[in-house]
Structures are given as C-alpha cells and as structure tokens.
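Here's the structure, in structure tokens; my notes come after.
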Protein chains: 2
Amino acid sequence: MEKHTLTLADVATKERQYLETIFAIGDGHFGVRDSIPFTGSRANKLPVMLVNGFFETNPIVYGESAYGYAKEHQTIVSLASPRNFDLATSKSSSAKDGDWSVTLAQTELDFETGELRELYDITTVEQEKFRLAVVSIVSLDGLHQIKLSYQLTSLNYEGELRFNRPLFVTTEDGANSDDDPRIALRKAQLKTTNMSLDKGTISWNLTTGTTNQTIAERDAVVELPKNFKEAETKNGFSGHGQIEIGQTVTFEFVRQISEIDNGLNEISKQYDFVLTNTAILKEFWQTAQIKIDDTKLQKGIQYNLFQLYQSAGKNGLANIAAKGITGPGYEGHYFWDTEMYMLPFFIYTQPQIAKQLLSYRYRVLPQARKRARELGVTAGALFAWRTINGEEASAYYPAGTAQYHINADIAHAIKLYFDVTGDEDFLQQKGALVVLETARFWLAYGSWSLRDGHQKFCLYKVTGPDEYTALVDNNYYTNRLAKENLAFAAWLIKHGYLTASQKENALFEEAANNMYLPYDQQLMITEQDDESPAMPTWPFETTPATKYPLLLNYHPLMIYRHRVNKQADTLLAEMLFPNDQEQAQLQRDFDYYEKITTHDSSLSRSIFSILASRLRLTDKAYDYYMDTALMDLVDLQGNAKDGLHEANLGGSWLGLTYGFSGLYVSDGKLHLSNQLPEKIDELVYRIRFQKRLLEIQLHFREIKVVLIEGQPLTVVINGKTKNIN
Amino acid sequence: MEKHTLTLADVATKERQYLETIFAIGDGHFGVRDSIPFTGSRANKLPVMLVNGFFETNPIVYGESAYGYAKEHQTIVSLASPRNFDLATSKSSSAKDGDWSVTLAQTELDFETGELRELYDITTVEQEKFRLAVVSIVSLDGLHQIKLSYQLTSLNYEGELRFNRPLFVTTEDGANSDDDPRIALRKAQLKTTNMSLDKGTISWNLTTGTTNQTIAERDAVVELPKNFKEAETKNGFSGHGQIEIGQTVTFEFVRQISEIDNGLNEISKQYDFVLTNTAILKEFWQTAQIKIDDTKLQKGIQYNLFQLYQSAGKNGLANIAAKGITGPGYEGHYFWDTEMYMLPFFIYTQPQIAKQLLSYRYRVLPQARKRARELGVTAGALFAWRTINGEEASAYYPAGTAQYHINADIAHAIKLYFDVTGDEDFLQQKGALVVLETARFWLAYGSWSLRDGHQKFCLYKVTGPDEYTALVDNNYYTNRLAKENLAFAAWLIKHGYLTASQKENALFEEAANNMYLPYDQQLMITEQDDESPAMPTWPFETTPATKYPLLLNYHPLMIYRHRVNKQADTLLAEMLFPNDQEQAQLQRDFDYYEKITTHDSSLSRSIFSILASRLRLTDKAYDYYMDTALMDLVDLQGNAKDGLHEANLGGSWLGLTYGFSGLYVSDGKLHLSNQLPEKIDELVYRIRFQKRLLEIQLHFREIKVVLIEGQPLTVVINGKTKNIN
C-alpha cells in the first residue's frame, strides 16, 4: 500500500470545530477530538473526549406526553481532553489570558500508525513566539491509552517557562439547540473520586450521576525537559524551568482511560505506540486496502475506513454511534445505520469486529423484549430506534419507535454475517435467538388482509427509512426486510439452529411467503407504501436551496403530505435484494424516486450510487459516489463539526464493492460484476469470504478474483459461474 | 315551567372536587367553583375562580422539537375564590388550624334565579358548633358581579367571633400530571397592583406575567351584623363582634370582576340580584325550556342547558372552553366542540350568544392566516386546534394541528347560524370572510388524484375527529365538511356576500363537486379514510375494562394501527348531512362503527343516540341518550372534577332535537320527524327559526309544530310539507 496521510490540504475548511472532527482519533472505546490543547485559547465548545457508551440520562419532557413514550434522554458524556496542555511565560499565560494567537500550521493523520502530527505557531499576548509540535497517538491494541508528545521551540523568548496539564477542564455545553433534532447536548453530573497521586502518575475515577457508570483515568509523565521541575496536584501536573531562544524542549505524557466499570491496566513507559499500531494497522489494511486510480478518492476512502475502524466498539458492550466518537451529534446513540451501512465493511474485512457489534444487539435483547410489550405487541422483541443502553431514547416516535424496520435490519446483518463468515458458533449462541425474537415481533405485529384477491401479510402504521414519510401502511422496505427476517427464522428452525414449534415455523413461512409488497400497476413502479404515489409531489420548483434540509424549514405535516424522500427507502430494499427486480423495473423505480429525493440524509447518496452502477448509469454512479466518498472531507452536509457521518463512511465502501463491482451473496455464492464507471480504470480490494481471503481486481471491462488464502471456490462473475483456485 | 333546582340528591357522589364542578356558577366571563369557603379547612386543590380568556403562557418543551411546532402553552389562570370567608372563635380559627369539621348539609342550585344555596355544619377544633347558610349568586346581566351572603348561627358558642375575608389566597397548583393530556395546570405569575381601600370597599388589579392581561376586582361589604366592627386591609376585610348561643348573624359582600383589560362598573348596594336574574332567566327558559315526561331526565337537561349558558362567553372576545369556566381541564382552551356540539343550542334558542361566539373566530382570523403559512399552505387560514388567543397551543400535532377539520366546522356553524337566523349583517360583516378564508385553505391544501377513474379532490395526512386514528388520507368527515365549506364559499360569492374572482369561485365549486369521499365497495360501508378498513380490529376481547380510556393505557402506535374509534367520526358527518345516505347504508355504517367505538371521548354518545333515533333503534337511542344527558350528574367519564364536559351538555340538546325529533335544515326548510323512544311519551321544546318562535310538541306517534311568534311558514314533517300558521 502506498503511504497515506491526511493533511490540511485534503480538507474543506480550517474552521476549528470542523477540523476537530476530521482529525479525531480513537480506538472505538474512547475518541479524542482534535481540539487546540490550550484551555485559555480554545475555540472548541464541543466535547473534546467521548467514551463510547459512557452516558447520562435526563427525563424527556414532552409538550404532551402519552403512554409508552420513551422516558429518558441518553446523552454521551462530554469529557476533558487528554490533549490539554497549557503554557505560561513569566509575563503571559494561556489559560488566564485566553487570547494567545495559536495558529495551526500543519496537521497530518497517519493511517499506518494512527499518529496525529501537528504544528502550531504561537504568539503570546506579550508577542513571545513559539512553535509547538504535538504528536498524539492512541494505541489500537485495546489498552485504551493515548500518548501525547509536545515539542516546544522558543523563537524569541528566553526565561522561565511554566507548563500545566489540567485534567478536569470540562468544556462548556454546546448549543442545546431545540430546533435541530440532530444535535443534542445536555449537562452531565460527573463525580470525581478515588484520586491518587504517585510519583509522576495521577489516577482518578469519574462516575456519572444518573447511570452510575464509572471509568478510571490515569495520567502519567513519560518525559520532561531535563532542567524542568514538576509537581503533581489534584488539578494535574505542573512545573517550570528555563528555556532559551532557539531551544526545543519535550514534554511527554500517557493517558489511560479504562473500560466502563472496569479497572485500569498497568502503564508501561517503555511501551512503543508506533510499533504496536503499525503491526495492527498492517493487519487491518491487509484486508481493508483499496486500490483505485484516483489519488483523491483513494485517500478519501482510506480515511473513511480508518475512521470507521477507529469508531467501532470492539468489546460487545458498545456499538458504533451515528457520529462515532468523533462528535456529540445524535448524543452518541446507536441506530440502524450500524447494521445497514457500516457492518458490511466489517463483515467482509474485519469479521471479529462485526461479531462484537452484533453481540451488542444480543446483549440488549431483554430491553427489546420489554419494549415490544410496551408497544402492545404480544410476542418477540423490538429494538430501540436510538439508544445507548438498549432502551428507547427517541423522543419523537413517528420518526423513531415507528421505524420498526431496525428489527429486520439487525436480522439482515446477522444473516449477512453468517453468509459471509460461516460462523456457526455465533449463530447458535447469539444470532439465531435475535432472529427468532424479531421474527416473532413481525408475526404478532402484522395482520392478514385481502389484497388483489389474495390474503396478504400486512404491516400498518410504520415508518420506513425515509423520515419524510411517516406512519404509513405497508412500507415496501419494512415489509421486504421483515419478509427476509421471517424467512430466515424459518430457515434457522429448519436447520436446527433454533428449537421452535412446527406451528410457529409454519406461521413464519406463511407470513414470509405472503408478505404484501406494494406495487402500482398503473405507474408500473414499486410503491413506497400504500398511499404515497397519489400524494402531491413536493413543490421543488418553489423551494429555494436555503430551505434544505426540509426538516429544519417545514412543519412535519407539510413534509408528510407530499411525495418527497429524505433518502433512499424503496430503493434501499431493491439494492439489498438484486434478484427482486428486472433491470427495466429497477430503472423505472430509480427514475421515479430519484426525482423526489432530497438526499437530506447522509444515508442516501451511497445507495443511489450503487443502483446507478447496477443500471450502468456510470456517470451518475460516479457522481453520487464522489459525494459519498468525500462527504465529510468536503463537508457536503455542512455539519461535519458535530461528528463524522459514520454510516456514510461505510456507504463509501458499499459504493465500491456493492456498486462498482456488483458484490452480493445469494444462495451461499459470491456474485460480482464489473460496473466500473468510465472515469475509473482500476479498482482492487480485498474481502474475506467463507474462510478465504480474496482480492477482487477490476479494470476496464475486466474482472478478476484472486485467491490469496484458503481453499478454491466457485464465484459468479458477470452472471457466469467461475472456479477460483 | 316547573320549578327546578339541582340538589345533592341529584348527583353522583359527595366527593369534594366533583361537587365543586357540578355546583359551579358563572356568567360566561367568570366562573366560581363550589369550593368550601374556609381557606383553612378547604379540601380543594383546583382553581376556585376562572376568568374566561384570562391566561398565562409558558414555553412548550418538546422531547424533540421541529419547525412550525406550537411555541407556547396557554393556561387559564387559577384565581382566589370570592366565596372565601374565614371565621375564628376566641380559641380556634379555621385558617390556622385547618382541621375544623365542615360538613355540607344541603346544596341547591336554582335554575330560575341562579342562586346557589348551601348549608354547612361546622365544628371547630374546640367542639364549638355552628350552622352556616351561604347564598351565592352571580348576576347574569353582564355586570360581572357575585353576591355572597353568609348567615351564621351559633349552636353552642357564646363569645367573641372574628371573621376574615381573605382576598388573595391562591390555591395550590393541581397535580401537574404529565401523563394525562386532558389536565394541565401551570404556574401563573400574577401581579397585584392599584390596590385601593375605601370605606367598605377594596379594589385591586391583577395582571398576568406573560400575557400582560389585566382584570380589576372589587370587594364591597353590603351588610354586617349590627354589633360587629369591621376593618379593611390589603389582605381583605376582617372584623369582630359578639355572638350568643342560638343567635344568627348575617355577613354580605359583593365582588366585581371586570372584563379583561377593562375597568369596573359602579357597585350599587341596592342592586337586586334575584330580581335581575329572574327576568333574564325567564327570557332564557322561554326558548330553552324542555318538557319531557321523565323527571330525572328533565332536570338533567335543564341543568345541562343552564350550565352551558353560564359558561358561554358573551362579548365576542371569549368563547366556551372545553370545560367552560367550571374547572381547569384542557387549560381553559377553546376547541371545535363549540361549533359542533354547543353552537346548535345557542343558534336555535339564543342566537345573540351564538353570534358572539362566532365573532370570536372572526376576531382571531389574523392568527389563523399566519398559522396556515407556518404549515406551508400558501392561501387561506387555519384555525388553531386548541387555543385561547387564537394561536395554536396544541403540543401534539397528530391529534392537534392535523385536525384541520376545525376550519370546516367553523364554516358549518356559520352556515347553520345563517340558515336558522337569516342574520345577513353578521354574514356580510364577519361570517363570509371566515368561510372564504377557510375555503381557500382547503383549495391550497388539497390536490387532485385519479380515484375510480375520475379526478377527485383529495386531502392527505389529516386527522379527523376520532383521535384514535391519526394522519390518514381522505378522512371522510374532513372531506365531507370541507366539501360543504367550499360549496358554501361558492354560494356566498354567487350571492354577493363576497367578492372573489370568477376563477376562484369556479375552483371552489370544482373542488366541492369532486371532493373524494371514500367508500368500501366490498364491505359496502362508508370508509373512515383510505386505509382503515384493512387494519386489524382492536383486541377488544383481551382489553380489560380498567384499560379504558385507551389513550391512557396504550402507546399511540398501538392505537393507530388498529381499527378502533375514540368517538363518532364518519358517523358524525352522516349525522350532519341526513340526505347523504339511504337508511340501509346508514344502518350498515352504524353497525360497523358502533362495534369499534369505545366512546372514550365525551363527544361520542350523543351522536350515536341521534343516529340510532334516525334508524328507529329507539331503545339504543334512549340508552345512549341517558348516558349523554346525565353524563356529569352520574360522573360517567369519572373526571367531572376537572370540569363539566361542555360539548356533551350541548350534545344532550342535540340528542333531543336532532335525535328524537329529527330536526335539521335543508334548502332553507325546517325538517322534523317523530323518532321518540318508546320510553318517552312527551317531548316539547322551543326553537327560534327565521324570526319565528316555534314550539315542537312530540307525543307517541304525533308531532305538532306551534307558531308562537312570527309569520306562518312551511315545515317538512315526517317527509311531508306542512303549513304552520
């Protein structure tokens, strides 16, 4: 693999909060935003460290409440940054003066080591000038530690220099915007306990006020300039010494952040972060690598996958939040995005992480069973639409709890995981039960109605992925995915993964086989739901560009009564099941839905790209793909400052593999086809499939599958079965 | 008319808060609950005086907010009762001790004078015993004053007696129940200013903190026992004197409450409340009287109409709140109930009040225009679903703002008012513009779709009257009423009441003539909306009686995805337009909807009674009617303590007139038919119609219309035209 890093030259703006997100680093457990280290001069108002799954609750207040509403907000806790490092000269201190000029000269995020290397130009209020190099590196081996190296060079100052490493600076709460449901910050009530000071080490515990979760932190001095004296206090390390003009001094610290409700490991000062990470990332890139003959795109995709990897919970207790641990958007909640947009990448390239992410769903199955009862559904389980701890935290059920499809999405991901990995153990121990309980939910939820002369299984008053269309009957996406869920449950029973009654099995099969899938005979298009084609189309011609996203500028009632999509909905289902539609049908559906889709959701463009690929609309596929692959690097949605669009990071992998190379699994077989846009001459990527490592090589009208590890297999390429040896 | 009063023998329980509602008195401007006068021993925690339209606002907090949501709660202010009157003996005082035994021995509400006469047995903590007679009377002539007479008899006490008339005792806020949207109390921030003390008179102003409304109050001594000395302070009147065993002393006060933002009139101590009210109520009963050969029913109906009269705003600035001014339920808000349930009684018997109530809607037309724009509708006006000041205060739009039908309901009431009164002036000056603006709303809101081979005018994503079915397409009730609204606007243009373009007129007519009205060809029933007949029926068989009303015990998603009605919806439309359906169709619809209606709303049974009458299901009609007529007197809904069900009060008049006597107007003619239940042998009532006063006399299979005042007319009786001379 070529050596790749991301620098300031690769990103959209130098706006501070945007950069904090883009250059965030983490290990899936904790994430550190790239905030300016100086507490006095910081522009950052957003949290600077987040721990995946570490949250507070607050009662949800409703204008008018009702039975069964979600009771509590869950909000990831805003923590002090381990990068905080303050300086003072004899006349001027950053923390107090607050208006040092601190200019970022260089930033470089290294995808091979995980290092974040920065250079700052500093001018104090007394015009004393320094240059500061900061290297931050999170170890990726599960030790949950970050090393910070500060190299300070005096450009014109001679005299005493003081440093201070404040540990408990909490950032101000961000704008608690009532108007934007995508951002939400609420106050935490952290308690700091068990503080202990040791020679060069400070340890403490942080406990949340409402959820009583505890993490331990430890901060240790690794290196200080020789002539500097240090002291440790309950507020952190501080010290002082002399610096001369032209002199460079180095300060180095390691911070550990324990797992939730777990103790700390030992810190070894000899631990080599770069060496460790290089080995781990080599292994990661071994399967995650993408080769594409477009430097910008290649870097963008590499960046996306690296960030996705950094954000993924890896212990079965945490998942991947909508913004990862790169920002506070969506309160650190997990959604269906994990299963439908992010998991395929992990399933095909890092199955051990995929397994942990799916194990999280198994762990919260009891909460999901309880939730189904609260919704009046007498059997099965309903996973929360947005959650950290498994309980529903959506305060707006029409675009929350009503998105029941999350149940089928999780079952779909379990099926894909099994189809690709063949991991029988996971299926038997965890996966099958989740599929069974979600299938039971559909069976209890749904009902039989006469449709076109036949009794069909129907699902009323649901919301599909498209949040601009709410509480509808027979949403195609939901019904299609529920059909798969029910059929997979029946398959699992038949193949001995589950014990269930013959009757239940028969009911699953009957519902799956007769699931109603709406279709408009006159327009000859696949209907999004029972009613939508008759509704008036959104008045696009009188909607100025400034009024997007619509959800921030129009009442939900205005949006719901028009044909307008926030994102791929019916098309997402068609993308997932390539054998459902003929090309002509797919083309009609694509044309129909493309006209009414705003892409106000970041989950949309990747799917449109894949379907455009499948339809050989290669220019269109390329354009959608560019927007996908570079979404946050060009700040397409305008809100990257709140965190990366994690689902879209995954979507950028889907666009390449599902899209350009037509990847899917059907009847246990891998299917591929060359759907490369004309602007791309070469695409090479790797996947793991049924205990093999394969490299897929696409060139203009050529496609080749190379077996790198494992036994020969049969693959379907461009519709023809081929043996790969 | 027989002399009628309501006593404790006529009501459901002696529960204190229930009695406070039932025996509430008022004049439409202010209402006083029948709370125990002693502030120390009061059990009442609900407001004890309410002024119609006097309210505070509070920001609505949403779990997740969105564009265009209602911004502020509006809450009627809880005021101190003018009935407050404290006593103290030399050893024991009520206000401080708080545990005197105060037992209500008698209560009598007089429908001919408006007097509320009560007798209390009092035992102090020192076992001193008294009997207290309290007479409260609100003048009904618009002077907004109440006279309180307290006659105290000592049964075993001799010695000094002190009295105190506290003016500013504010009651504690009631249970601010988050779980029941039907109750809501929030704190007010009243300021008391302009206090002035005069010999025997105390005056002051009360100003709300958020809405800056002011009312003035004045309290005056009319009579005190001869040997008593009095003093007035900023806290109210107090005084002392001697009492002997067996002696009776009288205290008498008058309290005035000004109109909002208006000054007080003079108080005349010679004013004769009983004389004044007797004349006014004689005039009222002249047309409002009902004669029915069932004492209980007759009293019940008399009570209902008397309370409805007491609750009605009469100045064009206030309307009738869902609970009138008898309790704090629904925050003192005005809903569609006024137009659809209460106005017919006023239109037919007290047209001057009907005119004032409709004038209120004209007054808030600017707010309604603004609201339509906020909803993205480019023309016309949308009246607020629940409001005091005309701005939307519903914090749950699916069962609030989405009930657009309120627009057509108001237009319907204006049409009925005109059809019955022939009041050209009101139509020209106010009514026609409201009809035009509501019609414009429908035209801009609706859209054309192909239905059964024809282009039909459709209304998507609306909620009808039935709040157990939300956000549906083509709600029959909404579409049918909108059709009438559009047609009436066209008629007004054609007949010169409005100037509008030929084109607009044509568009109104086109939409009215082609309004889509859903009908299920297979079931042969009128559909509630596009989708409902296919949904599963609510699991009535597994729903215990304790789980009603459903809205307090099931998630809205559970309710919405089942066929279940809270109240008459399609049937209400069919009730309003008797010529729309043949009897056989009506019978099918009645049977279909009766099975799925819970009557969880108090607006339901009266409509079922009327339709049962029309279908000659006389026993059923009678049973539904008994539940309607006596709803609050038997506390059928269990929440009369929060206030009377004002809509149902009106519904009890509808059941008699629209139901038992088949009253309706069509093509300018009055229609009547004898649909009397077998259990009722006689029903006589009066209405005003086109400048006439008529008496309708029904006996077993007989019906007679007597012209009491005015010119001869033609009436359609039992389908046959008849001249009435």
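For the reader, a short list of remarks on this structure follows.
- Between copies, B:Met524 shows label-point distances of 3.9 nm, shortest first, with the point placed 7 angstrom from Cα along Cα to C-beta.
- Largest-first principal axis extents of the Cα set of the range B:352-394 (Å): 36, 21, 11
- Inter-part distance, the range A:50-74 to the range B:678-725, computed on C-alpha centroids, equals 61 Å.
- Percent of C-alpha pairs per 20 Å bin in chain B, short distances first: 17, 50, 28, 5, 0.
- Label points for A:Thr123 are taken 7 Å from Cα along Cα→Cβ. From this copy to the others they lie 9.0 nm apart, shortest first.
- Heavy atoms of the protein chains alone define the surface here; on that basis the protein assembly as shown has 34 Å² accessible area per residue at 1.4 Å probe size.
- Once the mean of 1/r is taken over each pair of separate Cα atoms and inverted, the range A:635-725 shows a Kirkwood hydrodynamic radius of 14.4 Å.
- Volume of the Cα convex hull of the protein assembly as shown, divided per residue and given in Å³: 208 Å³
- Shielding score for A:65-73, defined as the mean number of other chain Cβ atoms within 10 Å: 5
- Dividing the summed helix terms, -39500 (n - 2.57) for each DSSP H run of n ≥ 4, by the number of residues in chain A produces a 222 nm estimate of -8000 deg cm²/dmol to the nearest 500.
- For A:Arg563, distant residues with modelled amide H under 5 Å away: A:Thr537, A:Trp538
- J(HN,Hα) series, the range A:21-36, from Karplus relation 6.51 cos²θ - 1.76 cosθ + 1.60, nearest Hz, glycine and proline x: 6, 4, 9, 5, 10, x, 10, x, 8, 10, x, 10, 6, 7, 7, 5
- In this structure, B:Asp272 and B:Glu15 have a Cβ-Cβ separation that, at R0 = 51 Å, corresponds to a calculated FRET efficiency of about 0.90.
- Projected over every direction and averaged, the convex hull enclosing the alpha-carbon atoms of the range A:193-306 yields 12.0 nm².
- Taking chain B and dividing mean pair separation by its residue count, relative contact order in percent (alpha carbons under 8 Å, at least six apart): 12 percent
- Centre separation in Å (Cα based) which lies between the range A:469-488 and the range A:384-410: 15 Å
- Note: relative contact order over the range A:350-598, using C-alpha pairs below 8 Å and six or more positions apart, is 16 percent.
- Rounded to the nearest 10 degrees, the angle from helix A:273-288 to the longest Cα principal axis of chain A is 20 degrees.
- Over 17 Å [Cα-Cα, the range A:356-461], rounded percent: 54 percent
- Percent RCO, i.e. relative contact order, over the range A:33-282, from Cα pairs under 8 Å lying at least 6 residues apart: 20 percent
- Amide H to amide H, with H built 1.01 Å from N, B:Leu382 comes under 5 Å of B:Arg369, B:Arg371, B:Ala372, counting only residues 5 or more places away or on other chains.
- Helix A:618-629 and the longest principal axis of the C-alpha atoms of chain A enclose an angle of approximately 40°.
- Binning all Cα-Cα separations of the range A:33-282 at 10 Å, short to long from zero, yields these whole-percent fractions: 7, 28, 33, 22, 8, 2, 1.
- Taking the C-alpha atoms only, the angle from helix A:476-494 to the longest principal axis of chain A is near 80 degrees.
- Descending principal axes extents, the range A:490-572, alpha-carbon based, whole Å: 57, 31, 20
- Copies compared at A:Gly316 - label distances in nm, ascending, label defined 7 Å from Cα in the Cβ direction: 7.6
- Surface composition of the protein assembly as shown: carbon and sulfur atoms hold 47% of the protein heavy-atom accessible area at a 1.4 Å probe.
- Point-to-point label distance, B:Asp681-A:Gln711, nm (Cα→Cβ direction, 7 Å offset): 9.7 nm
- The distance linking the range B:514-589 with the range A:568-602 is 35 Å (Cα centroid to Cα centroid, whole angstrom).
- Most to least packed among B:451-461, A:405-415 [average Cβ atoms within 10 Å]: A:405-415, B:451-461
- Other protein chain C-beta atoms within 10 Å of residue C-beta, averaged over B:555-568: 5.
- Distance between modelled label sites at A:Thr721 and A:Thr537, nm, 7 Å Cα→Cβ extension: 4.6 nm
- Shielding of peptide B:534-540 by partners, expressed as the average count of other chain Cβ atoms within 10 Å per residue Cβ, is 4.
- Database remark: amide H of A:Glu682 closer than 5 angstrom to the amide H of A:Asp293 (H placed geometrically; neighbours at sequence offset of 5 or more, or on other chains; Pro and chain starts carry no H).
- Accessible surface buried by the B/A pair amounts to about 4400 Å², both sides summed, 1.4 Å probe.
- For the range A:350-598, the Kirkwood estimate of hydrodynamic radius, built from reciprocal distances between every pair of different alpha carbons, is 18.9 Å.
- Approximating the spin labels as points 7 Å out from Cα along Cα→Cβ, the A:Ser666-to-B:Gln690 distance works out to 7.4 nm.
- Note, ³J(HN,Hα) from phi for the range B:247-254, Karplus 6.51, -1.76, 1.60, rounded to Hz, x at Gly and Pro: 7, 10, 10, 10, 10, 9, 9, 10
- Set B:Lys14/B:Lys679; B:Lys14/B:Lys641; A:Lys147/A:Lys323; A:Lys483/A:Lys691; A:Lys314/A:Lys430; A:Lys71/A:Lys370 screened for pairs whose C-alpha atoms are more than 18 Å apart: B:Lys14/B:Lys679; A:Lys147/A:Lys323; A:Lys483/A:Lys691
The values are calculated or read from the model by the stated rules, or taken from the named source; none is laboratory data. This is a predicted model, so every value here is computed, not measured. All Cβ positions, glycine included, derive from the backbone under ideal geometry; neighbour counts span all protein chains shown. All accessible areas refer to the heavy atoms of the entire protein, side chains included, with ligands and DNA or RNA removed. Shrake-Rupley method; radii C 1.70, N 1.55, O 1.52, S 1.80 Å.
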